[in-house]
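Asker: Please find one structure pasted underneath; my questions will follow.
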Amino acid sequence: MSTLLIAFGAFFGYFIAYHTYGRWLARKVFSIDPQAHVPSQDLKDGVDYVPTKKIVLFGHHFTSIAGTGPIVGPAIAIFWGWLPALLWVLFGAIFVGAVHDFGSLVVSLRNRGQSVGEIAGRLLNPRVRLVFFFILIFTLVIVVGIFGLVIAAIFTMYPETVMTVWFQLPLAIGIGYWVYKKNGALLIPSVIVVSIMYGLIYVGAYLFPVTLKPIAALGSLGTPVVIWTVLLLIYCYFASVLPVWMLLQPRDFINSMQLALALVFLVGGVLVTGLSGRADLAAVAPAINLTIPADAPPVWPFLFITIACGACSGFH
């Protein structure tokens, strides 16, 4: 089957679901009121509760979930064939992931921005709150540890990526200051920042790749991977305690613009090459892989573990 048909079929499936099932959920189940007050207004403190433009808020949430998991998971799940992965991502996102995240946001908005654990503890039982927070901490330790190690390994293996990633931080702080302190417009700074980011790809690749040297005195703790992991954890700490408008929101907004451009180029490339006949867009992988080794994990239930936050989201 042509990947062009697969891509556009999935797009129209999401489009129809958003305007039918999603609209029904918003009106009949959650009773969304566009005029309702939200915690960012009622509890405004300039740190965690900050009224935000829709496009920035969308970018913040979009790049919070469109991370490593939804990209790596489906790539691995091709092991069982592209059809099971496609169906799980398509229908899982519509009926599980989107509903879960939508409902979580609505519940939080109507409870002064509290987390699900705090709300469960108040409405059900204090012990539920304790258990829920324990699960969250346990999950976060695993996720942060694994992702930190993966990114540290990437920095070590591909030093040309370091410049682009880390230079994004002062750019994000600059946009945050411009928008929230100077009340500046977003369009021109956004174009400038994204242009700088793409320019830094060239700088990092050809002019200034950043390579860390091992610290011999620290032994196994002084390897580049460990050093990068520590630096990333330090960054995570400061990102979590700084005002949300200063780093997290503008950083994710910049990332969302890069992701949007990448999607446009990917879909545009598939469309142009497919319609012009310049490339064969037939799916190379089998729809269902019938030649799985006997000792390999079965599609059930491992497909749903391999593709988790790409379909059923998670504790985002």
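The values are calculated or read from the model by the stated rules, or taken from the named source; none is laboratory data. Keep in mind the model is a prediction, meaning the values are calculated, not measured. Virtual Cβ from ideal backbone geometry, glycine too; neighbours counted across all protein chains shown.
Asker: Return the pairs, sorted by first residue and then second, in which the second residue is surrounded by fewer than 16 Cβ atoms within 10 Å (Cβ to Cβ) and modelled with pLDDT of 90 or more, the first residue lies in region 110-127 and is within 21 Å of Val50 (Cα to Cα) and charged (D, E, K, R), the beta carbons are less than 8 Å apart, and the residues are 6+ apart or on different chains.
Answerer: Note: pairs meeting the criteria are Arg112/Asp42; Arg112/Leu43; Glu118/Asn111.
Asker: Moving on to the next point. Pull up region 127-149, narrow it to residues that are β-branched (Val, Ile, Thr) and exposed (fewer than 13 other Cβ atoms within 10 Å of the Cβ), then point me to the one that is farthest from Gly117 (Cα to Cα).
Answerer: Across region 127-149, the extreme among qualifying residues is Ile146.
Asker: Is it the case that Gly174 is of a type in the set (Gly, Ala, Ser), out of contact with any helix residue (DSSP H, G or I) (no Cβ under 7 Å at 6 or more places or on another chain) and within 17 Å of Leu247 (Cβ to Cβ)?
Answerer: Numbers: of a type in the set (Gly, Ala, Ser): yes; out of contact with any helix residue (DSSP H, G or I) (no Cβ under 7 Å at 6 or more places or on another chain): yes; within 17 Å of Leu247 (Cβ to Cβ): yes.
Here the answer is yes, as Gly174 does meet what is asked.
Asker: Report those helices (runs of 4 or more DSSP H) wholly inside region 1-102 carrying at least 2 residues which are closer than 25 Å to Leu271 by Cβ, without any contact (Cβ under 8 Å) to a residue 12 or more places away in the chain and not aliphatic (A, V, I, L, M).
Answerer: Hits in region 1-102: 3-17.
Asker: Can I ask one more? Would you confirm, using the coordinates I've provided, whether Ala279 is free of Cβ contacts under 8 Å to residues at least 60 places away in the same chain, more than 21 Å from Leu86 (Cα to Cα), among the aliphatic types (A, V, I, L, M) and surrounded by fewer than 13 Cβ atoms within 10 Å (Cβ to Cβ)?
Answerer: yes
Asker: Another question, then. Give the number of residues within region 66-82 that are at pLDDT 85 or above and closer than 17 Å to Ala262 by Cα.
Answerer: Residues that pass the stated criteria total 0.
Asker: Residues being part of a helix (DSSP H, G or I) and at pLDDT 90 or above: count how many of those fall in region 106-117.
Answerer: Qualifying residue count, region 106-117: 4.
Rundown of residues vs (1) at pLDDT 90 or above; (2) farther than 30 Å from Ile55 by Cβ, yes/no style:
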residue	(1), (2)
Ala152	yes, yes
Glu160	yes, yes
Trp166	yes, no
Pro170	yes, no
Gly174	yes, no
Leu187	no, no
Met197	yes, no
Tyr202	yes, no
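Asker: I'm told Val191 meets every condition in (1) surrounded by 14 or more Cβ atoms within 10 Å (Cβ to Cβ); (2) under 26 Å from the mean Cα position of the chain (by Cα) except one. Can you identify the failing condition by its number?
Answerer: Going through (1) surrounded by 14 or more Cβ atoms within 10 Å (Cβ to Cβ); (2) under 26 Å from the mean Cα position of the chain (by Cα) one by one, Val191 breaks only (1).
Asker: Checking the conditions here, which among Trp245, Trp300 is farther than 23 Å from Phe11 by Cβ, among the aromatic types (Phe, Trp, Tyr) and surrounded by 13 or more Cβ atoms within 10 Å (Cβ to Cβ)?
Answerer: So the residue among Trp245, Trp300 that is farther than 23 Å from Phe11 by Cβ, among the aromatic types (Phe, Trp, Tyr) and surrounded by 13 or more Cβ atoms within 10 Å (Cβ to Cβ) is Trp245.
Asker: If you don't mind, there's one more thing I want to ask. Among Phe138, Phe147, which is more than 18 Å from the chain's Cα centre (by Cα), of a type in the set (Phe, Trp, Tyr) and closer than 30 Å to Pro74 by Cβ?
Answerer: Numbers: Phe147 fails: more than 18 Å from the chain's Cα centre (by Cα).
Result of the check over Phe138, Phe147: Phe138.
Asker: Given the options Ile154, Ile137, Ile188, name the one that is assigned to a helix (DSSP H, G or I), within 15 Å of Cys236 (Cβ to Cβ) and out of contact with any strand residue (DSSP E or B) (no Cβ under 8 Å at 6 or more places or on another chain).
Answerer: From the options Ile154, Ile137, Ile188, the qualifying one is Ile137.
Asker: For region 148-158, indicate whether the set of residues that are polar (S, T, N, Q) and over 20 Å from Thr68 (Cβ atoms) is non-empty. Show your work before the answer.
Answerer: We begin by selecting, within region 148-158, every residue polar (S, T, N, Q); these are 156.
Among the residues that remain, those that are also over 20 Å from Thr68 (Cβ atoms) are: none.
No.
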